[in-house]
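Heads up, the thing below is written out as structure tokens.
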């Protein structure tokens with residue numbers, strides 16, 4: 001792990017010195033965009049409510065409130081934080097989605113530390129946001145109980161740059177990483193959103209994005225995350241390793257003959273966990289091949305260039321997703337898949353009403369309605 | 001469920017054909033970021049993940065903050081951030 005930390009710390013030190021020099025230069029009265037004592041502060045975010053109707057339920061529920069606090073402290077320093085208030089579990093659940101401190105070192109490098117949204121894939125923390133996701137639900141394998149972290153606690157470096165008329169972006173981070181669960185019901189699963197680590201091991205992860213088209217309409221990303229030690233310190237599971245990879249695809253374009261904008265979004269995630277022997281509730285040992293994977297494909301079309309206001313604000317979206325779970329895991333079983341189709345009506349650029357029909361294997365067919373207001 | 005998959009696959013195929021045509025078209029004009037206007041970059045980058053907000057949506061100060069937030073969230077380049085925010089500030093205020 002030192003092989004990773006030492007170069008990263010060296011890089012951090014060099015860049016902090018460089019950034020400090022830049023901050024000092026920015027204090028010249030000639031052109032400071034933000035003076036000391038004049039933080040630029042704003043609150044944005046969104047509120048959501050979901051209605052569910054299936055053969056077992058007809059109810060309003062899952063009200064979420066997610067304010068985002070942003071401080072532009074100076075030209076180089078920035079803080080973003082998002083607490084999350086959720087009621088989906090039947091009671092008010094408050095969590096810290098992220099509290100991320102960023103140092104803009106130069107045009108191509110930003111360092112950050114805190115609790116942040118790791119760019120492992122593009123769905124969680126980005127395409128899955130309430131006013132970006134065209135559906136009230138997550139694809140199978142991409143929500144809670146799926147693959148990959150929503151939040152990480154640690155530090156990282158990120159940035160973007162162009163070469164000719166193509167662009168690249170990158171993220172690299174070191175974090176506490178996922179925590180292996182070993183209780184009989186959840187053996188082999190992970191706690192992805194822990195506030196503290198459970199051993200000295202650290203996860204190393206990142207994503208490289210490539211935008212090959214000159215108009216940036218297509219982005220293809222490759223992500224990875226590895227952690228050599230995921231079990232509790234001192235336990236027989238301490239050295240159980242975790243390896244994850246993801247590929248994501250995002251295209252946005254206009255179809256002039258149809259007067260419409262179209263989106264095509266897809267992602268595939270794969271996880272491989274080292275072999276380990278767990279114990280069931282009766283104390284009997286068992287093991288299994290722990291290599292789940294998941295993917296989803298979404299297509300959406302919105303006739304945004306039609307002059308009729310009502311039609312202009314409509315959007316139709318379809319999504320198919322599949323989650324391959326370990327057959328012999330206590331939480332596994334058969335693969336599952338889900339199909340959803342949604343008719344959305346945009347009230348504003350970040351506010352919409354979603355009407356969705358969803359059919360998921362082994363679940364009752366369901367109708368959802370969701371209201372999302374961005375602010 | 002299988003029929004949904006087949007229907008969805010056919011739709012996806014049709015969609016992919018449209019995309020291929022669009023992609024070939026969009027490849028035709030090569031332009032570096034530094035040569036693009038803020039309006040162009042706003043349309044190309046903001047709309048990729050969400051509907052692009054118009055210039056009048058926020059104040060000049062808020063646009064400065066939002067620019068930083070988007071740079072962190074999506075890794076747009078510094079040049080893109082600067083040009084997009086200048087466009088949004090100058091057009092809407």
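Identify, from the list A:52, A:77, A:111, the residue that is modelled with pLDDT of 95 or more, crowded, with 17+ Cβ neighbours inside 10 Å and more than 21 Å from residue A:171 (Cβ to Cβ).
Working: A:77 fails: more than 21 Å from residue A:171 (Cβ to Cβ); A:111 fails: more than 21 Å from residue A:171 (Cβ to Cβ).
Result of the check over A:52, A:77, A:111: A:52.
If I ask for residues that are in contact with a strand residue (DSSP E or B) (Cβ under 7 Å, 6 or more places away or on another chain) and in a loop (DSSP other than H, G, I, E, B), which ones from region A:264-286 would you list?
Selection gives A:277, A:280.
Within region A:168-178, can you find the residues that are part of a strand (DSSP E or B) and out of contact with any helix residue (DSSP H, G or I) (no Cβ under 7 Å at 6 or more places or on another chain)?
Once the filter is applied, which keeps residues that are part of a strand (DSSP E or B) and out of contact with any helix residue (DSSP H, G or I) (no Cβ under 7 Å at 6 or more places or on another chain), region A:168-178 yields A:168, A:169, A:170, A:171, A:172, A:173, A:175.
Quick one: would you say residue A:142 is modelled with pLDDT of 90 or more, over 30 Å from residue A:285 (Cβ atoms) and crowded, with 21+ Cβ neighbours inside 10 Å?
yes
Farther than 14 Å from residue A:177 by Cα, assigned to a strand (DSSP E or B) and within 12 Å of chain B (Cβ to nearest Cβ): does that describe residue A:247?
On the way: farther than 14 Å from residue A:177 by Cα: yes; assigned to a strand (DSSP E or B): yes; within 12 Å of chain B (Cβ to nearest Cβ): no.
Considered against the rule, which asks whether it is farther than 14 Å from residue A:177 by Cα, assigned to a strand (DSSP E or B) and within 12 Å of chain B (Cβ to nearest Cβ), residue A:247 comes out as no.
Rundown of residues vs (1) touching a residue at least 40 places away in the same chain (Cβ under 8 Å); (2) surrounded by fewer than 18 Cβ atoms within 10 Å (Cβ to Cβ); (3) touching a helix residue (DSSP H, G or I) at 6+ places or on another chain (Cβ under 8 Å), yes/no style:
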position	(1), (2), (3)
A:283	no, yes, no
A:295	yes, no, no
A:313	no, no, no
A:316	no, yes, no
A:350	yes, no, no
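Rundown of residues vs (1) buried (at least 22 other Cβ atoms within 10 Å of the Cβ); (2) touching a residue at least 24 places away in the same chain (Cβ under 8 Å); (3) more than 30 Å from residue A:361 (Cβ to Cβ), yes/no style:
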position	(1), (2), (3)
A:126	no, no, no
A:133	yes, no, no
A:149	yes, yes, no
A:165	no, yes, yes
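State all residues of region A:287-332 that are under 15 Å from residue A:347 (Cα atoms), more than 12 Å from chain B (Cβ to nearest Cβ) and not in a loop (DSSP other than H, G, I, E, B); if no residue qualifies, say none.
Those that are under 15 Å from residue A:347 (Cα atoms), more than 12 Å from chain B (Cβ to nearest Cβ) and not in a loop (DSSP other than H, G, I, E, B): A:309, A:310, A:311, A:314.
Step by step: first the residues of region A:80-97, then only those that are touching a residue at least 24 places away in the same chain (Cβ under 8 Å) and either closer than 20 Å to residue A:40 by Cβ or assigned to a loop (DSSP other than H, G, I, E, B) (or both), then the one that is farthest from the other protein chains (Cβ to nearest Cβ). Which residue is that?
Result: A:87.
Could you check how many residues of region B:35-74 are within 8 Å of chain A (Cβ to nearest Cβ), part of a helix (DSSP H, G or I), surrounded by fewer than 19 Cβ atoms within 10 Å (Cβ to Cβ) and in contact (Cβ under 8 Å) with a residue 12 or more places away in the chain?
Selection size over region B:35-74: 1.
For region A:98-138, how many residues meet the condition of being at positive phi and part of a helix (DSSP H, G or I)?
1
The values are calculated or read from the model by the stated rules, or taken from the named source; none is laboratory data. Model, not experiment: these values are computed from the prediction. Here Cβ is always computed from backbone atoms with ideal geometry, including for glycine, and neighbour counts include all displayed protein chains.
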